[in-house]
Amino acid sequence: MLRNQSAMVARTAWTAGAGLLLASIASAGVSLPVTKSPVASGGSPQTGPSADLFALQGQWFKSTGTGGRSGEAPRSHEFYDNPLGYGGGAAGSNALRGTWDGWTLNNQNRVNGFWLKVSITNDTDSVTGMWTEGSNFADEFRVNAQPYSGKMFDTALTLEWVDDGVQGNWQGGGSEPIFYASQPDYLASITKNGTQSWSVPAWDFGDIAPGETVTRRIHIGMYATFVPSVLIPPSPDVDLLMARSTGLKISDYFAKAPNILNAFGGIPGGHDTGTPYPFAEYSAGGTNPFPQYSSNASVFHNIPAPGSIALAGIAGLALSRRRRLIG
C-alpha cells in the first residue's frame, strides 16, 4: 500500500539572498513551440487526436481526473534541459531533474515500485548559445523556431519509458515496459504505426514563473516484483531524466528507461551526465547507453495569448497612472 498518494508539490525561488547562486544565473534553458508551424511532418501529417488531427495546436493531453486541467487540451511549447552554452544555462541540465527517492513494497514485502522526485526549474529568462533542433519517431521536425521567455502555464511532464498502467492497452507496436504510472494526471496523445491513442502518462506541475522550481514526488509502479535484497538502488544524486532539444515532443515511445534496476545490469538507458547531447556522444563511442534523441522525458507548457499580454500591459499602465494620481 502506498502512503502519501496525493503528490506533494513544493515551490522554491531564487532570492537576492543567494548571492553566489545568483552570480551563476546568467542564462537559461530554451522553450520552443511545438505547433505547426514551426513543426512540420516529413511522413504522415496526422499526428494528433481527432480534435486536431494534424497536431496544429501542439501536444495534446487528456485528463485522468486526478489533477490538473480537465478534458482534452493542447500545450503549445516544450521546455528543454540543454546545458549551459547549448541553448541552456542557469540550471543547465538540472532544469529537469529526476532522482530515485525510495522503493515501495507490496503486502509480501517485495519491491513493487519506487518514488521519483522530479524538479522543473523555469530558467527561460535568457538563452546562452544555440541549441540543436529536434525530430521524433513520427518523422516530425522543427526549423527556425523562436524561443519563448516567461512564465510557463499548465506545465506537464511526460515520461516516455513508463506505461499507462493498463497492461495490454498499448496498441502501437512493441512490448510494454516493466515500469508503469500509478496515478498520472494526464495521458498524452501519441500516434504510432498509424494508431492514435491516449497512452503516455503525464503529471501536472502547474504554472512556473521564471526563477521558480516546482518539485513533485511521483510513484512509478513495476509489473514485476523483486526481493529488496537483490536490488541496488540508484544514488540519490543521479539525474535519471533528460530532455534535450534534439527530442521533439514525445520523441519515442517507449524510450529506453534509465538504469534503475542495477542488480540486473539495469534496463539500458543510462542517466543524465550533463553532456550536451548524450546519445550522439554514446553513438560515437561513449560508454553510458542513452535513449535515442537524448530524451526520455518531456516538459510541455502553454504561454499567454498575445491579447492577454497586451491587456496586462494596459492594465499595468492604468494602475501606475492611478497610483501617480492618488499619490
- prompt: Fewest to most neighbouring Cβ within 10 Å: what's the order for Ser295, Ser119, Ser31?
  reply: Ser119, Ser31, Ser295
Highest average packing first - 64-76, 246-258, Cβ atoms within 10 Å: 246-258, 64-76
Using alpha carbons only: equivalent-ellipsoid semi-axes of the stretch 199-260, gyration tensor based, whole Å: 26, 17, 14
statement: Per DSSP, the loop-located chymotrypsin sites (Phe, Trp or Tyr not before Pro) within the stretch 39-114 having at most 14 other beta carbons within 10 Å are Phe54
query: If the limit is 25 Å between Cα atoms, which of Lys117/Lys151; Lys36/Lys117; Lys192/Lys256; Lys151/Lys256 go over it?
result: Lys36/Lys117; Lys151/Lys256
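Using a Förster distance of 22 angstrom, determine the FRET efficiency expected from the C-beta separation of Gln57 and Phe153, and round it to 0.05.
Efficiency computed from Cβ-Cβ geometry: 0.95.
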task: Using label points projected 7 Å from each Cα along Cα→Cβ, tell me how many nm separate Val9 and Gln167, to one decimal.
output: 3.3
- line: In whole Hz, the Karplus estimates of ³J(HN,Hα) for the stretch 152-162 (6.51, -1.76, 1.60; θ = phi - 60°; x where Gly or Pro) are 9, 9, 6, 5, 9, 9, 10, 10, 8, 10, 10
field: Estimated distance in nm for a label pair at Asn106 and Phe226, the labels positioned 7 Å out from Cα along Cα-to-Cβ
entry: 1.5
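Read the figures in this text as sums done on the coordinates, not as results from a lab. All values derive from a computational prediction rather than experimental measurement. Counting neighbours? That spans all protein chains shown, and the Cβs are built from the backbone with ideal geometry, glycine included.
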